[in-house]
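Here's the structure we're looking at; comments come further down.
The values are calculated or read from the model by the stated rules, or taken from the named source; none is laboratory data. Keep in mind that this is a model prediction, so the values were computed, not measured. Glycine gets a Cβ as well: all are built from the backbone with ideal geometry, and neighbour counts include every protein chain shown.
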Amino acid sequence: MKKVVHAACPHDCPDACGVLITVQDGRATKIQGDPAHPVTRGFLCAKVAKYLDRVYSPDRVLYPMRRVGPKGLPAEEGARATQANEAFERISWDEALDEVISRFRKIVSEFGSEAILPYSYGGTLQTPWTGASSTG
């Protein structure tokens, strides 16, 4: 059975773009902008337009992973980059949550709770005092 689901983009842009997702047999098969949206009128940015490619990618990370190898490699060692990028081990959800909680507690004790929540916006956000776009 095929149906179209109305949704909103999860990104932090102030437009809150309307999204139409075609679902067939429990799987999203198409994503498009909602032409009835008063601001974007059917437009979707490149990030959202490619969501289905990422959601159904065979390379998508499905489980918590912990880095066990070095982070990144110098450009001249590019031939070994694949090995470094695969230097992760699968861990349980409980281990992942414990590690995140532990790191958050350390950050809060060292820098304060304000260091946990990043605050930034993008998209078409206008700065009220200049009228200039934050995206340049």
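Picking from Asp25, Asp15, Asp34, which residue would you name as being touching a strand residue (DSSP E or B) at 6+ places or on another chain (Cβ under 9 Å) and more than 30 Å from Trp93 (Cα to Cα)?
Asp34
Considering the range 19-42 alone, what residues qualify as being out of contact with any Cys (no Cβ under 8 Å at 6 or more places or on another chain), on the phi < 0 side of the Ramachandran plot and either in a strand (DSSP E or B) or of a type in the set (Lys, Arg) (or both)? Walk me through it before giving the result.
Applying the first criterion (out of contact with any Cys (no Cβ under 8 Å at 6 or more places or on another chain)) to the range 19-42 yields 20-32, 35-36, 38, 41-42.
Retained after the next criterion (residues that are on the phi < 0 side of the Ramachandran plot): 20-24, 27-32, 35-36, 38.
Hits for the range 19-42 are Leu20, Ile21, Thr22, Val23, Gln24, Arg27, Ala28, Thr29, Lys30, Ile31, Gln32.
Any chance you could count how many residues in the range 80-120 are modelled with pLDDT under 75 and of a type in the set (Lys, Arg)? Working first, answer last.
Of the residues in the range 80-120, the ones modelled with pLDDT under 75 are 80-86, 117-120.
Retained after the next criterion (residues that are of a type in the set (Lys, Arg)): 80.
Total satisfying the criteria: 1.
Would you check if there is a residue in the range 58-79 being small (Gly, Ala, Ser) and either modelled with pLDDT of 95 or more or in a strand (DSSP E or B) (or both)? Full working, then the answer.
Within the range 58-79, the first condition is being small (Gly, Ala, Ser), and the residues that meet it are 69, 72, 75, 78-79.
Cutting the leftovers down to either modelled with pLDDT of 95 or more or in a strand (DSSP E or B) (or both) gives us none.
Within the range 58-79, none of the residues are small (Gly, Ala, Ser) and either modelled with pLDDT of 95 or more or in a strand (DSSP E or B) (or both).
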